[in-house]
1. Using the Karplus curve 6.51 cos²θ - 1.76 cosθ + 1.60 with θ = phi - 60°, what ³J(HN,Hα) values do you get for each residue of the range 513-527, in whole Hz, with x for Gly and Pro?
2. Find the lysine pairs in the range 340-429 meeting two conditions, Cα atoms under 24 Å apart and a separation of 8 or more places or different chains, and report how many there are.
3. Residue by residue through the range 575-582, what is 3J(HN,Hα) from phi via Karplus (6.51 cos²θ - 1.76 cosθ + 1.60, θ = phi - 60°)? Round to whole Hz and write x for glycine and proline.
4. Going through the range 270-357, which GluC sites (Glu not before Pro) have at most 10 other Cβ atoms within 10 Å and a DSSP loop state?
5. Considering only the other residues whose Cβ falls under 11 Å of the Cβ of residue 199, what net charge follows from Lys and Arg at +1 and Asp and Glu at -1?
6. Check each of the GluC sites (Glu not before Pro) in the range 409-496 and keep only those in coil by DSSP with at most 11 other C-beta atoms within 10 angstrom; list them in order.
7. Checking the cross-link filter: which aspartates and glutamates have an alpha carbon closer than 17 Å to that of residue 227, excluding same-chain neighbours under 8 positions apart?
8. Using only Cα atoms, locate the centre of the range 580-594 and the centre of the range 233-270, then give the distance between them in Å, rounded to an integer.
Amino acid sequence: MKQLIVCTLSIFIMMSVAAQVTYPKTAKKTITDHYFGTKVDDPYRWLEDDNAADTKAWVIEENKVTNDYLSKIPFRNKIKNKLEELWNYPKYGAPFRKGGYYYFYKNDGLQNQSVLYRAKNLTDEPEVFLDPNTLSKEGLAALGSVSFSKSGKLVAYSVSKAGSDWTEIFVMDAATKKLLSDKIEWSKFGGASWKDDEGFYYSAYNKPDESSKLSKKNEFQKVFYHKIGDKQENDKIIYQDKEHPLRYFGAGLTEDERFLILQISQGTSGAEIWYWDQQDKNQTDFKLLVKGFDAEISVIDNDGDKILVRTNFKASNYRVVAIDPNKPERENWKDVIAEKEEMLQGVGTGGGNLFASYLKNASSKIYQYDYNGKQIREIKLPGIGTAGGFDAEKEDKEFFYSYSSFATPPSIYRYDIASGKSTLYKKTELKINTSGIETKQVFFTSKDGTRVPIFLTYKKGLKLNGNNPVLLYGYGGFNIPMTPGFSVSNAFFVEQGGIYAVVNLRGGNEYGEKWHQAGMLLNKQNVFDDMIGAAEFMIKSKYTNKGKIAVRGGSNGGLLVGAVITQRPDLFKVAIPQVGVLDMLRFQKFTVGWGWVTEYGSSDSAKYFPYLYKYSPYHNLKKGVSYPATLITTGDHDDRVVPAHSFKFAARLQEYHKGPNPVLIRIETNAGHGAGKPTSKMIDEAADIWAFVMYNLGMKYKD
């Protein structure tokens, strides 16, 4: 009887809070588009103008409603305080050596941005080299790329503000830490590639209009060379393409500075490679090395006059080939590391060796090779997890790499290149006991018979009683794998009794390019079927039930969440679509959205429009449907996936939704797509999300 009273009281409290939600009345303005004979209404298009007074007023009203709801969750503040406590531990990055110093990143615990330190020896007391926290009181300025000249005398570093992808590049004298007069503006997606100590190559756009710099389509990227001491307006254009405004261009020198490599892409898939041999006095411009854009290809290094590349051309799992610039035709390529059963995720260099990172069932395996492709050894890792940082310079004798898993916080290892010996250098000390947490990998069969893996992380002693709260997380796109990695925020949810489940959906590259292609373009529905199948598997296997499942994803993963809750609103109790691509008919019209056409297709195409329209979350919301409790999150400075996606989706969801579940939007100010977000904002967001998830899954907070 006591249990019944408590349960009834809990339900009453939840219904009372939900009943108090009154959504802002969002104006509808008639706009109809015509796509190949199909009429499509878009009544909330006015929300695309983030500078309009009406949009700004709407944002304020929506945040007010959301904050009011969250403030009534009885354990919200307890969650925030607990997360602050758990977050407050020293976090280290792997050291790297340059110009006679060891450099490494460190965050004392709750610093908004990590600080770059250096020391002559690892046993010395380190000094602060670069502290981005001094650039902004609120921690809104974040370090991006940090690139040292070959000698280590100069360093170029990029800074982004308030989460925007736009960056400024500054130059500093490493010895004195004195800032030079050099400054580069309007760069995006790239840093500096040095030529000796004289200057560097970088990519940038023309100065945008101030009012539309966070939303207008980015066109005509160029490659420049900046000579130290010059003003940006005097920088030399190294490459531009006036006929193809919607392409990315990036240039950089090989380590020995012999080859200047130009990589061109017209989206997130496929590339074209050009080269400029700096030793050949007769070569005065770039020459084509690999014609695009039918395969992924990236330059690793050069071996004398041969250029080593990683590619998936005729190798779904990727391989390493050597290309002779004098005979670049594909029939002349020579395998250095042949394709394997596992997916070759990346190749680093160091000490005259190649370090190949493979994925086996989404977990890291590392092999050391010489430049001729002879395998020297496998680098043994502590377990099933993710390792990274296998990169150094040719003269280096050692480097440092990191390892972590869902239940193992990051550890840093020191690696001797000659002997292959790994030594634990630094272990993370947490304020949470991870020894009681375990991870296992399970597999389920998706709708079309495909075998799909899930990583499940939970407290030891889990009972399969069908009543465990579950957070399903996925991405499923753009060749990006979901590999094991530690998060103190996710560990908190597990400590509270939840199961954190990461689904390795098609669209990633956990199993190579075939896995990617099985979840892109006209195969995108497979990704949503995989996530739906994962939820059904968790229910069938007695891990949970429909009333205990939350689904979460960001960016392309936000699209995933939007799609699965519009297709199967009955299957999920809670949904967290973060910075999501939610309007699949107009994504290509903003900032760099055009680059995703290679992944999604475009509504401008008669071939792809019907397919996109069929699953676009914004267009597939239906009147009178009871949707899951939904908390949409976005940032007002997100110029990757503009917040208009989330604004329009939230407006229509609130209009159509019928039922007791709250459907809210949380709009962070001075925040972007996620990179560089200050610790304080990350904790605030995590506290709100976990409070919303736990409350709507019927969980109780445990001290």
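1. Karplus values, whole Hz, x for Gly and Pro: 5, 4, 5, 5, 5, 6, x, 10, 6, 6, 9, 4, 4, 4, 5.
2. For the range 340-429, the number of qualifying lysine pairs is 26.
3. Calculated HN-Hα couplings, in order: 9, 10, x, 10, 5, x, 8, 10 Hz.
4. Working: sites: 272, 296, 329, 331, 339, 341, 342; in loops: 296, 329, 339, 341, 342.
Here the sparse-neighbourhood loop sites are 329, 341.
5. -3
6. Hits after loop and neighbour filter: 429.
7. Those aspartates and glutamates meeting the cut-off are 168, 173, 182, 185, 196, 197, 198, 235, 257.
8. When both Cα centres are located, 24 Å separates them.
None of the figures in this text is laboratory data; all of them are computed from the coordinates on show. Quantities reported herein were computed from a predicted structural model and do not represent experimental measurements. When we count neighbours, we look across all protein chains shown, and the Cβ atoms used for this are built from the backbone with ideal geometry, even at glycine.
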